[in-house]
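In what follows, a single structure is set out as structure tokens and then discussed.
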Amino acid sequence: MPTNAGDLESQFFYKFIQRTYIIHPILLTALLYVIGGFPYVVWGMGVRAVLMYHITFLVNSACHLWGTQVWNTGDLSRNNWLVALLTFGEGWHNNHHAFEFSAKHGLEWWQLDITWYIVWILQALGLASDVKLPTETQKRKMAFNNS
């Protein structure tokens, strides 16, 4: 089976998460119930999951219809600032399609990318390594004007 995450599949932490994935939501549900009863379970499990799925699907639908294309990706992906605000930076979808390997999708100073800030902090703390970003040469190659 082809994979683009072979490096992750060999790491103990991710193997552990994969083997024990069913336990995590059960423990979270129990913890939420202990802390706040049934309303916490509804909001922490049900409403959270519904919002997460809707926002995830919003990226894949809205960002292929509305927004701007900065990079010549050969597809309909677009950067959409409103979706980026709702998804902590994942709305910079044309950037993602152009540089799928990049940990940073908000490539301009004004493109809010909370996910990148978290990765950057983890890297600064030594908890993330080998973080990939597009080079200026790669950006020039993907630009519409190729200058």
If you work out Cα extents along the principal axes in Å from the coordinates, which of [x] 59, 35, 34; [y] 45, 35, 26; [z] 46, 27, 22 do you get? [x]
Which ³J(HN,Hα) values, rounded to whole Hz and listed in residue order, are derived for segment 89-105 from phi using the Karplus coefficients 6.51, -1.76 and 1.60 in 6.51 cos²θ - 1.76 cosθ + 1.60 with θ = phi - 60°, glycine and proline given as x? x, 6, x, 7, 6, 5, 4, 5, 5, 6, 9, 4, 7, 6, 7, 10, 9
For the chain, the longest stretch holding no chymotrypsin sites (Phe, Trp or Tyr not before Pro) located in a DSSP loop with at most 15 other Cβ atoms within 10 Å is which? 22-65
Scan around Trp92 for amide H atoms under 5 Å from its own, H built in the peptide plane at 1.01 Å from N, and keep only partners 5 or more places away or cross-chain. Asn80
For Trp71, residues with placed amide H under 5 Å, excluding near neighbours: none
Cα to Cα, under 18 Å, and not fewer than 8 places away if on the same chain: which aspartates and glutamates meet these conditions relative to Lys141? Asp75, Glu100, Glu108
Can you tell me the dipole magnitude for segment 67-142 around its Cα centre, using point charges on the Cβ only (Lys, Arg +1; Asp, Glu -1), in Debye to the nearest 20? 160
Evaluated at 25 °C with a viscosity of 0.890 mPa s, what Stokes-Einstein diffusion coefficient in µm²/s does segment 67-142 have when Rh comes from the Kirkwood expression over alpha-carbon pairs? 194
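Read-outs: derived from the displayed coordinates by stated rules, not from any lab. What you see is a predicted model, and the numbers here were worked out from it, not measured in a lab. So basically every Cβ, Gly included, is an ideal-geometry build from the backbone, and we count neighbours across all protein chains shown.
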